[in-house]
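A.B. asks: Have a look at this one before I ask anything.
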Amino acid sequence: MDIVQYPNLEMAIRKITKKSVAQSIGVCDKALTNKLNGKTQFTWPEVKTICHTFFPNSDPDYLFATADEIEDK
């Protein structure tokens, strides 16, 4: 089972595909999976694009809070 690194993104609940997110930030599906799993980091421009395109009313700090950060609160 994959660890959910960014649980607040809730892409499946909002019916947002990984492919559409990957295309919006200009990376391949595997690169996006690595970012979502915490193996590589999102860049700030990628975060801004994802927020603007798919989550326009959400705070980036909330969306990209890691599971560890949420657990520590």
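A.B. asks: Among the lysines, which have Cα under 25 Å from the Cα of Lys19 when same-chain residues fewer than 8 positions away are ignored?
C.D. replies: By straight Cα distance, Lys19 reaches Lys30, Lys35, Lys39, Lys48.
A.B. asks: Ok, one more. Accessible area of Val4, 1.4 Å probe, to the nearest 10 Å²?
C.D. replies: 90 Å²
A.B. asks: How big is the charge dipole of the chain about its Cα centre, in debye rounded to the nearest 20, if each Lys and Arg gets +1 on its Cβ and each Asp and Glu gets -1 on its Cβ? Don't skip to the end; give the middle numbers.
C.D. replies: Numbers: 9 positive and 10 negative charges, 93 e Å.
About 440 debye.
A.B. asks: Another question about this same structure. Counting helices only, and only those DSSP H runs with n ≥ 4, report the 222 nm mean residue ellipticity of the chain as the sum of -39,500 (n - 2.57) divided by its residues, in deg cm²/dmol to the nearest 500. Could the numbers behind the result be given before it?
C.D. replies: On the way: 5 runs with 37 residues, N = 73.
For the chain, the value works out to -13000 deg cm²/dmol.
A.B. asks: So if each residue of separation counts as 0.36 nm, and I subtract the Cα-Cα distance between Asp72 and Cys28, what length gain in nm does that give? The partial results should precede the final answer.
C.D. replies: Working: separation 44, 0.36 × 44 = 15.84 nm, distance 3.18 nm.
Here the segment from Asp72 to Cys28 would lengthen by 12.7 nm.
A.B. asks: Going by average Cβ neighbours within 10 Å, how do the peptides 55-62, 15-22 rank, with the highest at the top?
C.D. replies: Details: 55-62: 11.6, 15-22: 14.0.
Ranked by mean Cβ neighbours within 10 Å, highest first: 15-22, 55-62.
A.B. asks: Turning to a different aspect of this structure: Beyond 15 Å, what share of the Cα-Cα pairs of the chain is found? Please give it as a whole percent. Mind dumping the intermediate values first?
C.D. replies: Numbers: 1363 of 2628 pairs.
So the pairs more than 15 Å apart make up 52 percent of the total in the chain.
A.B. asks: Now a separate question. Carbon-plus-sulfur fraction of the accessible area of the chain, 1.4 Å probe, in percent?
C.D. replies: 53 percent
The values are calculated or read from the model by the stated rules, or taken from the named source; none is laboratory data. Please read all numbers here as calculations on a predicted model, not as lab measurements. Every residue, glycine as well, gets a Cβ built from its backbone with ideal geometry; the counts of neighbours run over all protein chains shown. Calculation scope for accessible area: heavy atoms of the full protein, side chains included, ligands and nucleic acids excluded. Shrake-Rupley method; radii C 1.70, N 1.55, O 1.52, S 1.80 Å.
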